[in-house]
Every structure is written in C-alpha cells, then in structure tokens.
Amino acid sequence: MADQTTDRVLVIVEREDLARYASLKRVFASESVDVILDRRRGERREHLTPPPVDRRRGDRRVRSIAQDLQTLGWALVRREVKAALDSILWAAAPGMQPARIRSEVLLQISSETDVVSARDRARELAGGIGLSPADSAIVATAVSELARNVVAYATRGEVIFRVIEAEHARGLEIVAVDEGPGIADIELALQDGYSTGRGLGLGLPGVRRLMDHFHIASKLNKGTTVTIRKWRR
C-alpha cells in the first residue's frame, strides 16, 4: 500500500501569528492539508529547508521556509518532510515550558452555542488526560470565560485545545485567539476587580488564578491571544 503522506501538504505559520493560523485552519480545512505553527526557536529555524528541486534556466530562486515565514508569515512544504514535522510540534508560549503537542482541536467561536461547546469540550479533554473532576470543572470554567470574551469583544474567534506533555507530565493547553479591537492596558485588565461585566465575573485575573500557567498578548486593532495551561497532578 502506498504511503499516503506523499499526497499531503503542510502549511507552517509563524508561531506568533495565531490569528493567521486560525484563519488558515479554516481556509485549508481538508484531508490533504495540515496547518501547524512554527514552534522552533533561534537557529533551529535555519535547519528546516525545502527538499531539493531541479532548477532550469529561467527558474526563480527557490525560497527557504525561514524566508517565507519572515516575509509572508507562513510557508508551504511537503508533509513527508518528517524531520521538519518532528521539530515543529511543540508548544512554547512566552514564559511557559516547551511541551510536546500530542493532539490539537480548533473550535470557532461566534455565538453562545459555541461557548457552551467550548466549555463542554474543555471538560471532556481535561477528563480524558486524567485531570480530577474538580480540575476539569476549573478548566471548563476558564474556557467558558475566555470564549464569552471572544463573543463579547470580538464577535468571533477561535479556541485551540492541545493535549501536551513535558517531562513525563501531561496537561491541557488552551489558546483563545480573536481579531477584535485588542486591549489598550493589559496591566489594568489583569488587576483584581477590573471587569466590564460581559463575562462570568471572573475576568482575566480570575482565569489566571484558576490555571497553572497564563499568558496574554494583545495589539490594538489586531486582536488578543490568551494561552492557559493546566497540568495533571
């Protein structure tokens, strides 16, 4: 039987551009295309080069994947480049320990129904990796708050669920990303008591307290990305 990976295409997105990642996930939602984030750091980016190609007179210069990531924000490669795949499937949010991604699910968020779906999926995945019922409820609550913020402030966005592993520990990473107006003052938004009243009342400070790790990045008129993790104890 022929190796099916030869017919697949891999789309690699610059690791900080989660909005583009979510958008390409929607555009390339097919059985023959995979969309992943480039999670390499530093000089490791230089190690990923496209397979050799025959060049004829008049051919344009073949660009490296690193060049495309820097200039375009994404790159296309063949799925059978296993070394590239092995070096990429890592989650490494700022301030967080790099962790191997074992599975990933993306849910689009644009309505209260989607918020409920995200909450239920969070509880299901948390229980699936062995989190206690109490911790699973905590994860579901945090995800519900983040998903409601997406609907309230940005109209639509995505929540990405990742089962992760690091140093023999298993956990769940959730990334909520939107293309809304962004947050003008992140420090203020993270202060206790700061709330617009649109969510569950937890606010971002409450989400941060509930989870083991928390990171937020936001740009005005570009959107907001919140990354949270909960590890199995």
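Quick notes
- Over the C-alpha atoms of the range 94-179, the Rg to Rh ratio, Rh being the Kirkwood estimate, stands at 0.98.
- In units of the compact-protein estimate 2.2 N^0.38 Å, the range 141-186 shows a Cα radius of gyration of 1.39.
- Virtual spin-label span in nm between S117 and D34, 7 Å along Cα→Cβ: 2.4
- The alpha carbon gyration tensor of the range 144-233 gives principal lengths a ≥ b ≥ c with a/c of 1.5 or higher and a/b greater than b/c, which makes the shape prolate.
- GluC sites (Glu not before Pro) restricted to the range 142-233 and DSSP loop, no more than 10 other C-beta within 10 Å: E167
Where a number appears in this text, it was derived from the coordinates with a stated rule and is not lab data. Treat the numbers as computed from the prediction; the structure is a model and nothing was measured. Virtual Cβ from ideal backbone geometry, glycine too; neighbours counted across all protein chains shown.
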